[in-house]
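Notes for the one structure printed next.
Values in this text are rule-based calculations from the coordinates and carry no lab data. Quick caveat: nothing in here was measured; it's all calculated off a predicted structure. No Cβ is skipped: glycine too gets one built from the backbone with ideal geometry, and neighbour counts run over all protein chains shown.
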Amino acid sequence: MRLLHTSDWHLGRTFYRESLVDAQRAFLEHLLTVVQEREVDAVLVAGDIYDRAIPSLDAVALFDHALNSLADLQVPVIMISGNHDSPQRLGVTSRLIERAGIHLRTDPATCHTPAVLHDEHGPVAFYGLPYLEPFLTREEMAADKPTHEAVLGAAMDRVRADLATRPAGTRSVVLAHAFVTGGRTSDSERDITAGGIPTVPAAVFEGIDYVALGHLHRPQKVTDRIRYSGSPLAYSFSEAGYAKTTWLVDLDADANITIEAVPCPRPRALNTLTGHLDDLLKDHRHEHLRDAWLHVILTDPQRPINACAPVSLAPFSSPSPPRTAAPHTVPPTPNAPATAPNSRSPPVSSTTSEAATPPPPPNRTSYAGRSRPPAATTP
Ligand SMILES: [Mn+2]
């Protein structure tokens, strides 16, 4: 059975103030293409479908489009709510869409009720564990403590108890939204420290053939059978240094697995520039970053007033007009990175590596946003 594991769509999220609706739609179209071309048997979405408990209308429309398209392809889908989703709001139509083969699990009470799919080798039981907030779910899960490990451990005990009642040879897949010990974070996950220690040991998933995790936005494996797909798009500059992917997982008759990473479309490059504003604005060596999203760390001795304005308003003394329409103005906001320049003259540094994106020292100013349009070069 061939599975496609994805998570953390965060529909409706913006990249700083830039809309990602088009990029998210492009990802969903890519997903549908992969499902068809690679003959996927089931799609797994491990939580954080939406970015907010009350999603924007654009986000709701995207989700509706995704569900209808997947149902049209008649590919079963197993999905769970994440810590960004409102389980009640997201799950309101779950019983109805179950009839279309979309198994959306948002209620902790359904943890141990699998969606069972069959291939020529027999059944595969898919258990969707919604994000379990320790204080809210402790009682229902009959966990001894309000911790992530306790509530998820209790849910997994129920899963194993159910699995033990299934026919011998039943293969098992669990979807969960959690921070598993050893996982590497980025800057775009929301902290889930509620309940003390935010992490749970991988051992909690003992006995399961494949665990499709969501929450961490970097694609990674905890073990060969326990993996994060990561988010399909970068949601912070800390995610510049690696590709976004989904996992194509082949589960054979004996529950051996073969994994392939499928790269997601990338809407724009991410890059970081450091230097004095005037220098950055004039440096033509950054021409190739014209369409990038830039994190600009300004080292001017004094913080430039409204530093994003000159970038967005095409201030360059150039003889020809910009080649593309100017992007919206991104007013500078404290703690938000900013727009940057394409220009000539020596920048202090330029990098795509997250490791090389240091937090600005106190006397620096940091802004973010999309690269300005073209500064035509003047010889
Ligand atoms: Mn997330």
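Would you mind calculating the relative contact order of the stretch 92-144 from Cα pairs under 8 angstrom and at least 6 residues apart, reporting the percent as a whole number?
Numbers: 49 pairs, mean separation 15.4, N = 53.
Computed value for the stretch 92-144: 29 percent relative contact order.
What whole number of Å gives the distance from the Cα centroid of the stretch 76-148 to the Cα centroid of the stretch 28-55?
Cα centroid to Cα centroid, the span is 16 Å.
When the Karplus curve 6.51 cos²θ - 1.76 cosθ + 1.60 is applied with θ = phi - 60°, which whole-Hz ³J(HN,Hα) does each residue of the stretch 18-25 get, with x for Gly and Pro?
8, 5, 10, 4, 5, 5, 5, 5
Please label the shape of the stretch 130-190 as rounded, prolate or oblate, based on the square roots a ≥ b ≥ c of the eigenvalues of the alpha-carbon gyration tensor (a/c under 1.5 means rounded; beyond that, a/b larger than b/c means prolate, else oblate). Before the final figure, lay out the partial values.
Values: a/c = 2.89, a/b = 1.40, b/c = 2.07.
Cα axes put the stretch 130-190 in the oblate bin.
What is the packing order of peptides 293-301, 127-135, 210-218, 166-174, taking the mean over residues of other C-beta atoms within 10 Å and listing the highest first? The partial results should precede the final answer.
On the way: 293-301: 21.4, 127-135: 23.4, 210-218: 26.9, 166-174: 17.9.
Ranked from most to least packed, the peptides come out as 210-218, 127-135, 293-301, 166-174.
Can you give the relative contact order of the stretch 2-263 as a percent, counting alpha carbon pairs under 8 Å and 6+ residues apart? Intermediate results must be reported in sequence, preceding the final value.
On the way: 592 pairs, mean separation 51.5, N = 262.
Relative contact order, the stretch 2-263: 20 percent.
So, by mean Cβ neighbours within 10 angstrom, what's the order for 12-22, 252-262 with the highest one leading? Walk me through the intermediate numbers first.
Values: 12-22: 17.9, 252-262: 13.1.
Ranking the peptides 12-22, 252-262 by packing returns 12-22, 252-262.
Can you list which of the trypsin sites (Lys or Arg not before Pro) found in the stretch 58-103 are DSSP loop residues with at most 10 other C-beta atoms within 10 Å? Don't skip to the end; give the middle numbers.
Values: sites: ARG89, ARG95, ARG99; in loops: ARG99.
Listed in order of number, the matching sites are ARG99.
7 Å from Cα along Cα→Cβ at both GLU260 and HIS288: what's the point-to-point distance in nm?
That separation, rounded to one decimal, is 3.0 nm.
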